[in-house]
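The values are calculated or read from the model by the stated rules, or taken from the named source; none is laboratory data. Since the model is a prediction, treat every value here as computed from it, not as a measurement. Cβ placement follows ideal geometry from the backbone for every residue including glycine, while neighbour counts extend to all protein chains displayed. Side chains included, ligands, DNA and RNA excluded: accessible areas come from the protein's heavy atoms. Shrake-Rupley method; radii C 1.70, N 1.55, O 1.52, S 1.80 Å.
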Amino acid sequence: MVRAYKQEHVYRHPWDRVTAASWRKFTDSPAVLSHVTDVHTLARRLDPGGGILRATRSITVRSPQLPFLLSRLIGQDSVLCHCVESTVVDAQARSMEIVIRNGSLRNLIEVEERSRYNPHPADPDRWTMFQQETSIRCRPLSALTAIAEKVEQRCAERFLQNSAKGREVIERICKYLEADSSSTSAAAGREKVPEPEGEDEIEAAHDQDKSPRCPLRRKKKNMASESVTTIVAGGVGGGEPH
Amino acid sequence: MGAKARSYASPCAQLRAAYHDCFNRWYSEKFSKGQWDKEECVEEWEKYRACLAQHLEDKHLRRLLVEADAGLNKNDSSHSTDSNKAAGE
């Protein structure tokens, strides 16, 4: 039972700036990404020979308000969920890959968000291509686990809802990083910026199966002016009965 | 900044801010621009990491901390850096 969502975005900023902004995404804009309550770097490792940096962070997310019955059962209006973010940056190849997974209740639901930042092929020194795939895998449920699953679902929903906001945050951080760098060094030759081709392509999401209880059955388009997210859910067969 | 204000409850908030500031500067100014031969912010990292090891109360986070260490120290084959493929699409 897998649901998958894909999205792409083109940043009109160079790779080094966009990836620097990505590191700051959860820590520099608390007001916008208010669902993120805490971020810690848990581990890091640099391979100085190859220019490869690895880091693991924890991201604590507050779920949206839980459904009434559930909040009565648990005794809280919302819950905290922990996600684990693993990042690998290859400075030589100019690639950054970020994988975020839920850290709790993994035996019930697995949410994985895989993002990449690479120089855009049309203008590798000035633009950055962002590609993201999110998959949600629900396990077959018993009556007991259904409750726990709903909790994690809520967190996953929150996470995806904030994807578009995340891109806006990165655009904004890029702007101030740009302002910083142009105040210290002359930013020459940036005035003429051609339009990128093939921007904001929609990648059809695939869906291998369905579970009636899997979250996020909806379509979203034009969440941000420059980005398109297609979420296709549903499909046939194989899941459990209603 | 708001992030700091929100995290005052955490005893490691200041050490974390010091480390993240240092890291962000190093990443922007050096690592991402090709100077990756020298690891920086080591002192900030060690202080912050020691604080986490001591003060992280949430049992889930503690488990994640242990797993994170193990994950980065074993030989990593789970991550691919096939940037050419991604960039070419």
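For A:ILE98, the shell of other residues with beta-carbons less than 12 Å away shows a net charge of +1, using +1 for Lys and Arg and -1 for Asp and Glu.
Per-residue surface analysis assigns A:MET129 an accessible area of about 10 Å², computed on protein heavy atoms at 1.4 Å probe radius.
Give me the one-decimal nm value for the distance between modelled label points at B:GLU39 and A:LYS175, 7 Å along each residue's Cα-to-Cβ direction. According to this spin-label approximation, the distance is 3.7 nm. Taking all protein chains as shown and a probe of 1.4 angstrom, A:TYR117 keeps an accessible surface of around 10 Å².
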